[in-house]
Amino acid sequence: MRMLWVCDGCGWRTAFLSGASCPVPGTGAPRANVDGDRRAVVVAEVPDREDYAFDLPVELLAQEPQEARGGKRSDARLAVLHRSGGRVEHRVFTDIVEYVGAGDVLVVNNARFVPSLLPGVDEEGRAVAVSIHSPQGEGTWHCLVAPQAACRPGARFVLGAGLQVTGQLLDETAAGRWRIALDPCDPATLYALAEPAYSPYLKQAPADPEYYQNTYASVPGAVGNPAAGRHFTPALLDLLRERAVSVAEVTHFLAARTRREVTRMLRNLIAQGGAGDLAAEDLVDGTRLSDEFDFPPAERYRISEHAADLINDRRASGGRILVVGTSALRALETVTGPDGRTQPGSGSTSLRIMPGHRFRACDAFLTNLHEPRSSELILVAALTGRDFLLDTYRNELIPRGYRFNYFGDSMLIA
C-alpha cells in the first residue's frame, strides 16, 4: 500500500504522494491531524488495484450511444444503489425524476470536449505527437509528448494540421508531463488544428462528434468527456426544473491521464511514412507500465458565485445535492469546507477520492459504469463501500447486460 498525505486548507484540497510533504507554513513539518483544523493532514492508504478487479466481458463496452441505434440519450438503463439497506433497483434513466424532489440541486460539469492532439515533426524531421491541456498564460500549455526521445528542454516542433504551430518544450512539470510554449497559442486556433482524443476503448470515432458532448456542455477545454451527464436531454432537464429541482453548473476540465493517445498518434504517423523509432518508444513505454490506479493529474476547475450560492442556499433549506459525474464531484469536494459550505473560485485540483474520504458536498451521486481497477471505481466505492459496489457489478449489472463506459448505462447512488 502507498501512503498519501492529503492537505486540507483554505477551502481547497490536494493530494501529495508520500515523499512529498504538506508543511506547516514556515516550518516544513507536516501538520498534526487536529480535529476541526481545516489544514489538518490526513494519512490514507491507496488501495491495491487487484482489490477492485472483476471480469468484464468486452462486448459490454458500449461502442455507440443510444442515438446511433435510433433511440434517445435518455433511453439508457439506470441502476439505483440504495446505501441504506444495500438494495439495488433496475430502472430506466428517465426515472431519475423519481429520485430528486423540490428543493434539490443537480450539479453538472459544463466543460466541453475539445480536440487536443497535435501531430508534427521535430527539428530533425522525425514524427512527434503532442497532447495539450490546461493553458497557463503567456502562450504556454501543459502537454504529453511522444516519442520520449524528443522530450528535453528547448526541443522545438512544428505541429498541427498543415504544420502551422511552432512549439518549444520548456520544462518537465511532473513525470512525463511538460510545459510547452506554442505560437499561435490561443485555444480556439489550436483546437481547430488538433485532432480529438477519443477514449482508447472505442474501436472507431463516433459517427457524430456531438455524441461525445453533453447537451449542456458550453465551456470548451476538456480533453476527456465528462460523460456521466450525457443521458440528460434538454427536455428531461426542463422537466426537473418544472419540479423545482435546480441545476447548478460547475466547470472542471479533464486532462489526459496517460501517453496512450500520443503514442497511438505517433504510431499512425510512422505507419503513414513518418520518420521514427517505434522499437525505442516501446522500450521506454515498457519501463513506464504501472500497477497503480489511473488517478487524474492536476485539473482546472471553476465554481461561480451563482453556483456556490445556489448549492449553499438549497442545502441550508434542507435540499439535497445530487452530483453528476466524478469530475463535478472532485471540483465540489475541493472547494467545500468542513462546515459543508461551497466556496466560489477557480484553480487546480489533484484531489484523489478513495474509501475513507469524508464527503462534504454530495448527498447522492450519478455516474457511469466503470472498468475494473480504475480510479473512478474506487471513487464510487468511497460512497458505496467496496463490497456492495463490486457485488452489484458482478451479480446485478453484468449478468443483466448493462453497458459500460462513455456510451453505456448509468448508476445512481442514493
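The values are calculated or read from the model by the stated rules, or taken from the named source; none is laboratory data. The model shown is predicted, which means the values in this text are computed figures rather than measured ones. So basically every Cβ, Gly included, is an ideal-geometry build from the backbone, and we count neighbours across all protein chains shown.
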Subject >> Options LEU56, LEU78, LEU61: the member that is in contact with a Gly (Cβ under 9 Å, 6 or more places away or on another chain), under 26 Å from GLN204 (Cα atoms), at pLDDT 80 or above and of a type outside the set (D, E, K, R) >> reply: LEU61
**OP:** Report yes if some residue within segment 304-313 is over 27 Å from ASP48 (Cβ atoms), assigned to a loop (DSSP other than H, G, I, E, B) and not basic (Lys, Arg); otherwise report no.
**Re:** yes
Original post:
Yes or no: ARG330 in a helix (DSSP H, G or I), touching an Asp or Glu at 6+ places or on another chain (Cβ under 9 Å), in contact (Cβ under 8 Å) with a residue 40 or more places away in the chain and not aromatic (Phe, Trp, Tyr)?
Top reply: yes
Original post:
Looking at segment 338-384, which of its residues are of a type in the set (Lys, Arg) and in contact (Cβ under 8 Å) with a residue 24 or more places away in the chain?
Top reply: ARG341, ARG352, ARG360, ARG373
Original post:
Is it fair to say TYR99 is modelled with pLDDT of 50 or more, surrounded by 14 or more Cβ atoms within 10 Å (Cβ to Cβ) and under 26 Å from PRO297 (Cα atoms)?
Top reply: no
**OP:** Can you tell me which residue within segment 50-83, out of those that are closer than 20 Å to TYR99 by Cβ and not aliphatic (A, V, I, L, M), is surrounded by the fewest Cβ atoms within 10 Å (Cβ to Cβ)?
**Re:** ARG83
Subject >> Residue check for THR349: β-branched (Val, Ile, Thr), touching a helix residue (DSSP H, G or I) at 6+ places or on another chain (Cβ under 7 Å) and surrounded by fewer than 22 Cβ atoms within 10 Å (Cβ to Cβ) >> reply: yes
**OP:** Give me the pairs, please: first residue somewhere in segment 50-62 and under 16 Å from PHE388 (Cβ atoms), second residue anywhere and of a type in the set (Phe, Trp, Tyr) and in a helix (DSSP H, G or I), beta-carbon distance under 7 Å, and either six or more positions apart or on two chains.
**Re:** PHE54/TYR393
Subject >> Which listed residue, of LEU283, LEU236, LEU266, is over 23 Å from the mean Cα position of the chain (by Cα) and modelled with pLDDT of 95 or more >> reply: LEU236
Original post:
With respect to the numbered conditions (1) within 16 Å of ASN110 (Cα to Cα); (2) part of a strand (DSSP E or B), which one is the sole condition not fulfilled by SER348?
Top reply: (1)
**OP:** Name every residue in segment 352-404 that is of a type in the set (Phe, Trp, Tyr) and out of contact with any helix residue (DSSP H, G or I) (no Cβ under 8 Å at 6 or more places or on another chain), in order of residue number.
**Re:** PHE388, TYR393
Original post:
If we scan segment 59-78, do we find a residue that is part of a strand (DSSP E or B) and touching a helix residue (DSSP H, G or I) at 6+ places or on another chain (Cβ under 8 Å)?
Top reply: yes
Subject >> Hits in segment 165-203 - residues which are at pLDDT below 95 and in contact with a helix residue (DSSP H, G or I) (Cβ under 6 Å, 6 or more places away or on another chain) >> reply: ALA197, PRO200
Original post:
Quick one: in segment 125-159, which of the residues that are touching a strand residue (DSSP E or B) at 6+ places or on another chain (Cβ under 9 Å) and part of a helix (DSSP H, G or I) is surrounded by the fewest Cβ atoms within 10 Å (Cβ to Cβ)?
Top reply: ALA149
**OP:** Name the single residue, out of those in segment 302-327 being aliphatic (A, V, I, L, M) and without any contact (Cβ under 8 Å) to a residue 60 or more places away in the chain, that is surrounded by the most Cβ atoms within 10 Å (Cβ to Cβ).
**Re:** ILE303
Original post:
So which residues in segment 216-248 are among the small types (Gly, Ala, Ser) and in a helix (DSSP H, G or I)?
Top reply: ALA227, ALA228, GLY229, ALA235
